Amino acid sequence: MVKNKLDHLAIIMDGNGRWAKQRGLKRTEGHKAGAENVKEIIQLMEKYQIKYLSLYAFSSENWRRSPAEINALMRLLKEFLDGYEVELMKNDIKLLAIGRFEKIPPFARQRLLEVIKSTKNNSKGVLTLCFSYGGREEIVDAAKKVAADVMAGNLNIDSLDESNFTNYLYAPEVPEVDLMIRTSGELRISNFLLWQLAYSEFYVTDKLWPDFDELELNKALNSFYGRERRFGKEQA
Ligand code: FPP
């Protein structure tokens with residue numbers, strides 16, 4: 001029995017490095033395969049009526065990786081946008097990105113902003129790339145915007161609540177996450193969408209991200225559909 005509706009799916013795409021190592025390839029080859037898989041999963045949004053898909057593509061902590069790996073991921077972002085913009089238009093998907101963009105090198109940042117602009121009127125689905133993103137940074141940035149509004153006299157501090165605080169997050173139009181999938185078996189949240197995951201269901205699979213396919217997505221969705229979501233209420 002389907003008990004739940006899934007509007008927003010979020011994924012921590014982990015395991016590219018291990019996928020490459022298992023094949024004797026460089027880590028960057030794993031990321032390349034991971035980016036190819038991103039395209040496969042986006043294609044399934046319409047079929048499974050997933051309106052919002054959020055992908056953790058580069059965390060605020062990933063800046064600590066080697067310059068070579070960081071460069072490869074930045075190039076991959078640009079290549080993904082270059083090669084996939086047409087598909088986003090064809091599938092009527094709007095691209096959003098959340099994170100601290102100022103750290104992304106201009107060649108990739110520029111493309112990101114261009115594709116956000118060119119897809120902004122698409123309406124069937126919303127793909128949010130979490131890139132140079134950290135959940136704590138997002139909450140700190142929101143708190144700064146709240147403080148600025150209070151100081152400017154635009155907001156009465158007593159009227160601040162959970163509902164209007166969300167307007168200060170990076171992408172207020174994106175609803176809370178219904179299901180969060182993490183690949184490659186780690187049982188961690190890794191600073192992902194901390195505010196938006198408050199009442200999400202979690203699903204962890206041992207599959208490495210480049211191997212996460214439609215069959216695996218089905219397993220995760222079936223697990224989600226059968227769960228009882230209580231949002232703090234007592235059991236029915
Ligand atoms: C985690 O695997 C994955 C990342 C840090 C990057 C995720 C990036 C992609 C899937 C490709 C880029 C996507 C786009 C859309 C540009 P890991 O490297 O931590 O793997 P490991 O834990 O096995 O080492």
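Just so it is clear, none of the values below were taken in a lab; they were calculated from the coordinates. Computed from a predicted structure; not experimentally measured. Cβ: placed from backbone, ideal geometry, glycine included. Neighbour counts: every protein chain shown.
Details
- Among the trypsin sites (Lys or Arg not before Pro) found in segment 114-220, those both in a DSSP coil and sparsely packed, with 12 or fewer other Cβ atoms within 10 Å of their Cβ, are Lys120, Lys124, Arg188.
- In Hz, Karplus ³J(HN,Hα) per residue of segment 150-158 (6.51, -1.76, 1.60; θ = phi - 60°; x = Gly, Pro): 5, 5, 7, x, 8, 9, 8, 4, 5
- Helix-only mean residue ellipticity at 222 nm for the chain, each DSSP H run of n ≥ 4 adding -39500 (n - 2.57), per residue, nearest 500: -12500 deg cm²/dmol
- Amide H contacts for Ser54 (H built 1.01 Å from N in the peptide plane; partners 5 or more residues away or on another chain; cut-off under 5 Å): Leu9, Ala10, Ile11, Thr128.
- Range in the chain, longest, excluding exposed chymotrypsin sites (Phe, Trp or Tyr not before Pro) [loop by DSSP; at most 14 other beta-carbon atoms within 10 Å]: 49-198
- Anchor Lys3: aspartates and glutamates whose Cα lies under 15 Å away (excluding residues fewer than 8 positions away in-chain): Asp178, Glu201, Glu228
- Result for the chain in a Gaussian network model with C-alpha springs under 10 Å: among Lys26, Lys39, Lys47, the largest mean-square fluctuation is at Lys47.
- Over all distinct Cα-Cα pairs of segment 44-154, the Kirkwood formula returns a hydrodynamic radius of 15.3 Å.
- Exposed-loop-free span, longest in the chain, where GluC sites (Glu not before Pro) count as exposed if DSSP calls them loop and at most 16 other C-beta atoms lie within 10 Å: 47-172
- Among beta bridges that DSSP assigns inside the chain, antiparallel share in %, nearest 5: 0
- GNM flexibility winner over the chain from Leu217, Leu193, Leu53 (Cα, springs under 10 Å): Leu217
- Measuring nothing but how far apart in sequence close Cα pairs (under 8 Å, 6+ apart) lie, relative to its length, the chain scores a relative contact order of 29 percent.
- Mean Cα-pair separation over length for segment 1-138, i.e. relative contact order, pairs under 8 Å, 6 or more apart, %: 30
- Only the Cβ atoms of Lys and Arg (+1) and of Asp and Glu (-1) were treated as charged; on that basis the dipole of the chain about its Cα centre amounts to roughly 560 debye.
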